[in-house]
Amino acid sequence: MEGNGDNLIELVDRYGTELYRFCYSLTRHKEDADDLFQNTFVKLVEQRVAIDPQRNPKALLFSITVRIWQSERRKNARRMRLAPPVELRESAVGEYGNPDQDLMAREEYAQVQNLVEEMEEHYRLPLTMYYTVEMSVSEIATVLGIPQGTVKSRLHKARQILSERWEAAELCDMTM
């Protein structure tokens, strides 16, 4: 970044909200999302990456984020074999104002999250980028370094997998 803090501030102002939402969708925990978000910008500064506004700075930020997240995931997988973490329950604010509806909505959301998390990474990442961060197919292709047609086919397959798994989960619930 050649010592220009203005560029960094401009990037945070312009893409910060989307990038943070993406970080959170990858990590599913506020503290981890905070770390991933911060590490993305630290990596920019450490590597003195020159940001060219004509060369899609958003794609650069998201690709750095994906690489950091993948690296951290590999590290955490090794650590979890030794000592699995205990997950804390996050409090959910009721969107519907009705405890029964709120509970059902949270359960359904958690079920979808689990189904997405069970997907292979090459389906999960484009799906998350497309729906959570609302990135375009071309932006996803740039971030992941794959052709747009591949992104489209992975999105299609991911939706198909999600639909099939959702139906299977619904059928399983009905038989119980």
Inset, instruction - Being part of a helix (DSSP H, G or I), among the hydrophobic types (A, V, I, L, M, F, W, C) and more than 15 Å from residue 116 (Cβ to Cβ) is the filter here, so list the residues in region 134-170 that pass it. - result: 137, 140, 141, 143, 144, 151
Legend entry - region 121-157, residues that are at positive phi and either buried (at least 20 other Cβ atoms within 10 Å of the Cβ) or in contact with a Ser or Thr (Cβ under 6 Å, 6 or more places away or on another chain) (or both): none
Inset, instruction - Taking the residues in region 1-44 that are outside any helix (DSSP H, G or I) and more than 12 Å from the chain's Cα centre (by Cα) as candidates, determine which candidate is modelled with the highest pLDDT. - result: 4
Inset, instruction - Can you tell me which residue among 123, 109, 131 is hydroxyl-bearing (Ser, Thr, Tyr) and modelled with pLDDT under 80? - result: 109
Inset, instruction - For residues that are within 16 Å of residue 9 (Cβ to Cβ) and aliphatic (A, V, I, L, M), scanning just region 31-49, find the one that is surrounded by the most Cβ atoms within 10 Å (Cβ to Cβ). - result: 44
Inset, instruction - Go through region 50-59 and give me each residue that's in a helix (DSSP H, G or I) and either modelled with pLDDT under 80 or surrounded by fewer than 12 Cβ atoms within 10 Å (Cβ to Cβ) (or both). - result: 53, 54, 55
Legend entry - Number of positions in region 123-161 that are within 13 Å of residue 19 (Cα to Cα) and over 17 Å from the mean Cα position of the chain (by Cα): 0
Legend entry - Leading residue by the ranking (nearest to residue 107 (Cα to Cα)) among those in region 148-161 that are of a type outside the set (D, E, K, R) and in contact with a helix residue (DSSP H, G or I) (Cβ under 6 Å, 6 or more places away or on another chain): 158
Legend entry - Contacts under 9 angstrom Cβ, first residue in region 128-141 being aromatic (Phe, Trp, Tyr), partner assigned to a loop (DSSP other than H, G, I, E, B), 6 or more apart: 130/136
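The values are calculated or read from the model by the stated rules, or taken from the named source; none is laboratory data. Model, not experiment: these values are computed from the prediction. Because the Cβ atoms are built from the backbone with ideal geometry, glycine has one as well, and the counts that use them run over all protein chains shown.
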